[in-house]
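Below is one structure; the comments refer to it alone.
The values are calculated or read from the model by the stated rules, or taken from the named source; none is laboratory data. Remember, predicted model here, so these are calculated numbers, not experimental data. Neighbour counts are summed over all protein chains in view; Cβ atoms, including those assigned to glycine, are modelled from backbone coordinates with ideal geometry. To get the accessible areas, we keep the full protein, side chains included, count just its heavy atoms, and leave off ligands, DNA and RNA. Shrake-Rupley method; radii C 1.70, N 1.55, O 1.52, S 1.80 Å.
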Amino acid sequence: MGLSPVMLGDDLEGESHALGAEMARLALAGVAVPTVFLSGGETTVTLAGSACGRGGRNTEFALSLACALGGQAGIWALAADTDGEDGASRAAGALIAPDTIARAAMAALDAHAFLAAHDSATLFDTLDDLLLTGPTRTNVNDFRAVLVLPQEMHA
């Protein structure tokens, strides 16, 4: 398909929101050919105070990525748990597109506030961007793919 895969490892750890921001930095650095950044591993969502929304580490990663990308054209992603269950939600994870943040704003949803409240699944559910597989009964790993097209392909 002409994609250049970049394997970032299958054992990435750390806070989901921090990994989402780091992946955004990679994606925003630009690519010369269509590139897909692939990674696995299980990140963490640390709840603080009364912030305890609906979602899990994959939807939180996806929302953090979308917020950090800020609607940048030419970047799509998915993040999912292979067992089909991402934390306190009915989803395996979520999908993002260049228009994710704009669609949230059009629905009067503040994506950054949902991220701060650890309520990523609620936002993605409203946008119809949850990845719903049902239980797979195969807990291999979390899986993330970030597709980045060169600037000239979407200018």
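Scanning the stretch 105-124 for residues that are in a helix (DSSP H, G or I), free of Cβ contacts under 8 Å to residues at least 40 places away in the same chain and within 18 Å of A21 (Cβ to Cβ) gives a single hit, A113. When D129 is tested against (1) of a type in the set (D, E); (2) open to solvent by less than 60 Å² (accessible area, probe 1.4 Å); (3) farther than 19 Å from E22 by Cβ; (4) at pLDDT below 95, exactly one condition is not met: (4).
Search the stretch 145-155 for residues being over 14 Å from L78 (Cβ atoms) and at pLDDT 85 or above, and hand back the single one that is surrounded by the most Cβ atoms within 10 Å (Cβ to Cβ). For the stretch 145-155, the residue satisfying everything is L149. Would it be correct to say that D142 is in contact with a Ser or Thr (Cβ under 8 Å, 6 or more places away or on another chain), surrounded by fewer than 22 Cβ atoms within 10 Å (Cβ to Cβ) and within 21 Å of S39 (Cβ to Cβ)? Spelling it out, it is not the case that D142 is in contact with a Ser or Thr (Cβ under 8 Å, 6 or more places away or on another chain), surrounded by fewer than 22 Cβ atoms within 10 Å (Cβ to Cβ) and within 21 Å of S39 (Cβ to Cβ). Inspection of the stretch 24-43 identifies no residue that is hydrophobic (A, V, I, L, M, F, W, C), touching a Ser or Thr at 6+ places or on another chain (Cβ under 7 Å) and either surrounded by 14 or more Cβ atoms within 10 Å (Cβ to Cβ) or within 19 Å of I96 (Cα to Cα) (or both).
Which ones in the stretch 89-126 are more than 25 Å from A48 (Cβ to Cβ) and either at pLDDT 95 or above or surrounded by fewer than 22 Cβ atoms within 10 Å (Cβ to Cβ) (or both)? Those that are more than 25 Å from A48 (Cβ to Cβ) and either at pLDDT 95 or above or surrounded by fewer than 22 Cβ atoms within 10 Å (Cβ to Cβ) (or both): L95, A97, P98, D99, A102, R103, A105, M106, A107, A108. For T59, the stated conditions do not hold, so it cannot be described as over 22 Å from T133 (Cβ atoms) and hydroxyl-bearing (S, T, Y).
Within the stretch 125-147, residues that are closer than 18 Å to A111 by Cβ and without any contact (Cβ under 8 Å) to a residue 60 or more places away in the chain have Cβ atoms under 6 Å from residues that are open to solvent by 60 Å² or more (accessible area, probe 1.4 Å) and of a type in the set (D, E, K, R) in these pairs: L127/R103, counting only partners at least 6 apart in sequence or on another chain. Of all the criteria given as (1) at pLDDT below 90; (2) surrounded by 15 or more Cβ atoms within 10 Å (Cβ to Cβ); (3) of a type in the set (V, I, T), the one not satisfied by T46 is (2).
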